[in-house]
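To start, the structure itself, in structure tokens.
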Amino acid sequence: MDLISFRDLSKEDVEDYFARAEEMDRQLEAGNVEKLDGIVATMFFEPSTRTKLSFQSAAERLGLQIVDFVGSSSSLKKGESFEDTIRTVDGYADIIVIRHPLEGSARVASEFAEAPIANGGDGGNQHPSQTLLDLYTLKKMKGDIGALNVHLVGDLKHARTMRSLLYGLGMFGAKVKLVAPSGLEMARDAIADVKRKFEMEVEETETIDFKDADVVYVCRIQEERFEDKYEAMSVKKKFTIKPEYLQGVKEDMIILHPLPKIDEIPPEVDKSKYAKYFEQAKNGIPMRMGIMKKMLGSARQKKG
Ligand code: NCD
């Protein structure tokens, strides 16, 4: 039971993840988390704070052990292949959480490993556990996801969080407005896919106007994925959520962000009642506990 792409999930699967995260929230609240047995390997070939630490923290809360792969001090440095590295770690762990700059890398890893693979981000492609926690956050804060008008704002071309989330929002019937600086629009095939699959309403614009938004979901300019770094710098300078954009918005509008935020959110916006991204980041714990518990259950079934 891998978690590689949001596109592999049905609505029932996602609702099952919600129920699991809710159960984990209940157990955490009661201070009575049911302990599990197993080892989780975290393999991060790209920088990470939230995804790596929340998977590790979630594992600890479940009573699981962690082995951490550090690329720079591993045998990759001696020239060992990705395949051999995955096959080896597979022998040491019951779950593998992997983040890698190449699109499709988590899928490839799943072909070499018996242990379930959780994709912690593969290049600009997918980030399914982030989308599960984003949707869980929306459900907790807003109730009916299908009734929401969501603006996705930022570097929609390179951000895997946005590509996964567009799919998740489509699945629940939300209305989406894509707001990207010119040249950083969402991939055409991703838009065509959600329109076809979910008959989703998707509007595209370069102009920021949050008045009809229930949710504004922002992401940073993904500088490391630009071929031309100078271009990234110049878009970064132009792209910020100015405090005046919040004038006249719905009282209960919320701003989410997968984080890290760099310069796109100024301190005034950060301090406003709309900013909910640190609460969002905390939901990574119950959701990732739910994901790993499900993975261990299915791995045991497979062995048995
Ligand atoms: C994101 C990622 O790595 O894709 N961060 C995260 O996992 N919370 C967003 C980003 O790097 O911009």
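The values are calculated or read from the model by the stated rules, or taken from the named source; none is laboratory data. Because the structure is a prediction, the values reported are computed rather than measured. No Cβ is skipped: glycine too gets one built from the backbone with ideal geometry, and neighbour counts run over all protein chains shown. Only protein heavy atoms, including side chains, enter the accessible area calculation; ligands, DNA and RNA are left aside. Shrake-Rupley method; radii C 1.70, N 1.55, O 1.52, S 1.80 Å.
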Checklist entry - How large is the helix-only mean residue ellipticity at 222 nm for the chain, computed as the sum of -39500 (n - 2.57) over DSSP H runs with n ≥ 4, divided by its residue count, in deg cm²/dmol to the nearest 500? => result -13000 deg cm²/dmol
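Just list whichever of Lys195/Lys237; Lys211/Lys271; Lys52/Lys140; Lys78/Lys293; Lys211/Lys237; Lys236/Lys276 have alpha carbons separated by over 30 Å in the model shown.
In this structure, Lys195/Lys237; Lys78/Lys293 exceed 30 Å between Cα atoms.
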Checklist entry - How much net charge surrounds Lys177 when only other residues with a Cβ under 15 Å from its Cβ are counted (Lys, Arg +1; Asp, Glu -1)? => result -4
Item to check | Positive minus negative residues near Val67 (Lys, Arg vs Asp, Glu; Cβ under 12 Å) | outcome: -3
Next on the checklist: Roughly how far apart, in whole Å, are the Cα centres of the stretch 55-99 and the stretch 117-174?
Outcome noted: 26 Å
Next on the checklist: Could you compute how much accessible surface Glu268 exposes when probed at 1.4 Å, giving the result in Å² to the nearest 10?
Outcome noted: 110 Å²
Checklist outcome for this item: Length gained, Glu201-Leu102, 0.36 nm per residue minus C-alpha separation, equals 32.6 nm
Checklist entry - So what does Thr49 come to for accessible area, using a 1.4 Å probe and Å² rounded to 10? => result 80 Å²
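Using a probe radius of 1.4 Å on heavy atoms only, what accessible surface per residue do you get for the stretch 128-281? Whole Å² is fine.
44 Å²
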Item to check | Fraction of beta bridges assigned by DSSP in the chain that are antiparallel (%, nearest 5) | outcome: 5 percent
Next on the checklist: Connecting C-alpha atoms closer than 10 Å in a GNM of the chain, tell me which of Asn149, Asn283, Asn32 has the biggest fluctuation.
Outcome noted: Asn32
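With +1 on each Lys and Arg Cβ and -1 on each Asp and Glu Cβ, and nothing else charged, work out how big the dipole of the chain is about its Cα centre, in Debye to the nearest 20.
380 debye
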Checklist entry - Percent of accessible area on the stretch 128-281 owned by carbon and sulfur, 1.4 Å probe? => result 49 percent
